[in-house]
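Undergrad: This is the structure, below, for whatever I ask next.
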Amino acid sequence: MTTVATSSSPWELGATANRLATPTTAANYRQKVEEAARGFETTLVRQMLREMRNSSFDPDKQKSINTGYTDMVDDQVAAMITKGNGLGFAKKMTEQLLQQADVAAKIKAKN
C-alpha cells in the first residue's frame, strides 16, 4: 500500500512529505493527478487541431471559416480523441508525476 504526501497543488509534488496520507487520500490524490493529466492531454490535442486548421494554404478559405463554430468542433473532437485511452500521453504523465511524488516523499523521509 503506497501513501503519498497530501498537497493542495499538483505542482507541489512531495513538498509536504512529512504528512503521509491515508490510503483513501492516496486514491483521491491519484484520481486528481489523472484528471489533471487528462485535461492537459485534451488541451494539447485541441491546440494541435487549431494549429492544423489555421495552417491552411488558401488564404480565402481561412477568412470564410466561422471561428466560433470551428472552436466548438475542435473542443468536441479533442474530447473524443482523448476519451478512454486517449493518445497515451495522459497515462504516461500520470505515471511520471506519481513516481516523482513517491521519490520526493522517500527523499524527504530520509532527511
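The values are calculated or read from the model by the stated rules, or taken from the named source; none is laboratory data. As the structure is a prediction and not an experimental result, all values here were calculated from the model. Note that we place each Cβ from the backbone using ideal geometry, even for glycine, and neighbour counts take in every protein chain shown. We work out accessible area using only protein heavy atoms, side chains counted, and drop any ligands, DNA or RNA first. Shrake-Rupley method; radii C 1.70, N 1.55, O 1.52, S 1.80 Å.
Undergrad: Check whether at least one residue in the stretch 41-54 is assigned to a helix (DSSP H, G or I), at pLDDT below 75 and open to solvent by less than 80 Å² (accessible area, probe 1.4 Å), and report yes or no.
TA: no
Undergrad: Regarding residue 12, is this residue of a type outside the set (Ser, Thr, Tyr) and either modelled with pLDDT of 85 or more or open to solvent by 90 Å² or more (accessible area, probe 1.4 Å) (or both)?
TA: Answer is no for this residue.
Undergrad: Restricting the search to the stretch 81-92, which residues are in contact (Cβ under 8 Å) with a residue 40 or more places away in the chain, in a helix (DSSP H, G or I) and either open to solvent by 50 Å² or more (accessible area, probe 1.4 Å) or over 16 Å from residue 31 (Cα atoms) (or both)?
TA: 82, 89, 91
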